[in-house]
Amino acid sequence: MLLGALTGLLMLAGGVLGGGHGVEIAFIIAVAMNFFSYWFSDKMVLRAYGAQELGASAAPELYSIVQELAHEAHIPVPRMYLIDTDTPNAFATGRNPNHAAVAVTRGILRICSRDELKGVLGHELSHVINRDILTSSIAATLAGAIMILASWAKWGAIFGGFGGGDDDRRGGMVELLLMAFLAPLAASLIQLAVSRTREYQADASGAHLTHHPLYLAGALRKLEAANERMPMDAGPATAHLFIVNPLSAQGMMSRLFSTHPPIEERIRRLEQMGSSAEVV
């Protein structure tokens, strides 16, 4: 539904600018911009955070949990990486289960019990199983095309509109200005909603994978408290990858534009699963 809303917004923006040709050009540009990211995002983000690959001998307990979960999910064991920071967090990346990597910080290994680590890793493997990198790449492509069209609309309004073609198919100055400012905002909010939806789904899928929703609920409580005390030095472009928002979020506007749903709501849903037969 959310991806459909992005597609509809793209079509609307194209209609304001004057038909399908603008949409086609913007879409091709956006695809080109995100194609490289989709295929190489795992290497780029791991390098950005200085992640070092972990061998089984360096972290035997971590590997035993990952192997157990991968066997349960019938996927290859992903590569494991360590980020040298005391802020507890984790993320998964990779375009499919055969090219997956999971990175954990030194802090999460320090404060989480084995059961809590299992809940976190179940969540991260669920992102891989659910092809969330593909979903987010599609959302980024559609949102990117909308941003391009909005930029064209802004310059079109500045220079008096677009000439040529059937004027009935093009928006007037007011429509161009509205699209230039409202379309990027709408696209960003929908893209954020996609990210939050995938987090809820990964929580649920991870709970099914581990058969213990409260493992993850306990971990989320610890991670949220620790990240509020010492936010991680993370880039906004990659913040959505982490299991909890690594950026300091204060106030209503920060919550509105957060890539993650509220921790209290995630915990509530997990506890509800734990009190029912949903994970059996």
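Here are the numbers for this structure:
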{"item": "From phi via Karplus (6.51, -1.76, 1.60), per-residue ³J(HN,Hα) for the stretch 258-265 in Hz, x at Gly/Pro", "result": "7, 7, 10, x, x, 4, 4, 6"}
{"item": "Residues with amide H under 5 Å from that of Leu54, placed H, sequence gap 5 or more", "result": "Met80, Tyr81, Leu82"}
{"item": "Per-residue Cβ neighbour rank within 10 angstrom, fewest leading, Ile138, Ile133", "result": "Ile138, Ile133"}
{"item": "Full-extension gain in nm, Ile25 to Ser276, via 0.36 nm per residue minus C-alpha separation", "result": "85.4 nm"}
{"item": "Per-pair calculated FRET efficiency, R0 = 25 Å: Asp233 and Asp115 via Cβ, rounded to 0.05", "result": "0.30"}
{"item": "Fewest-first sequence of Arg110, Arg198 by Cβ atoms within 10 Å of each Cβ", "result": "Arg110, Arg198"}
{"item": "Residue-by-residue Karplus 3J(HN,Hα) for the stretch 43-54, coefficients 6.51, -1.76, 1.60, Hz, glycine and proline x", "result": "5, 5, 6, 5, 5, 4, 9, x, 5, 10, 5, 9"}
{"item": "Phi to ³J(HN,Hα) by Karplus 6.51 cos²θ - 1.76 cosθ + 1.60 over the stretch 204-210, Hz, x for Gly, Pro", "result": "5, 5, x, 5, 5, 5, 8"}
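Quick note: the coordinates plus some simple rules give every number you see, no bench work behind them. None of these values were measured; they are calculated from a predicted model. Please note: Cβ atoms are built from the backbone with ideal geometry, for glycine as well, and neighbour counts cover all protein chains shown.
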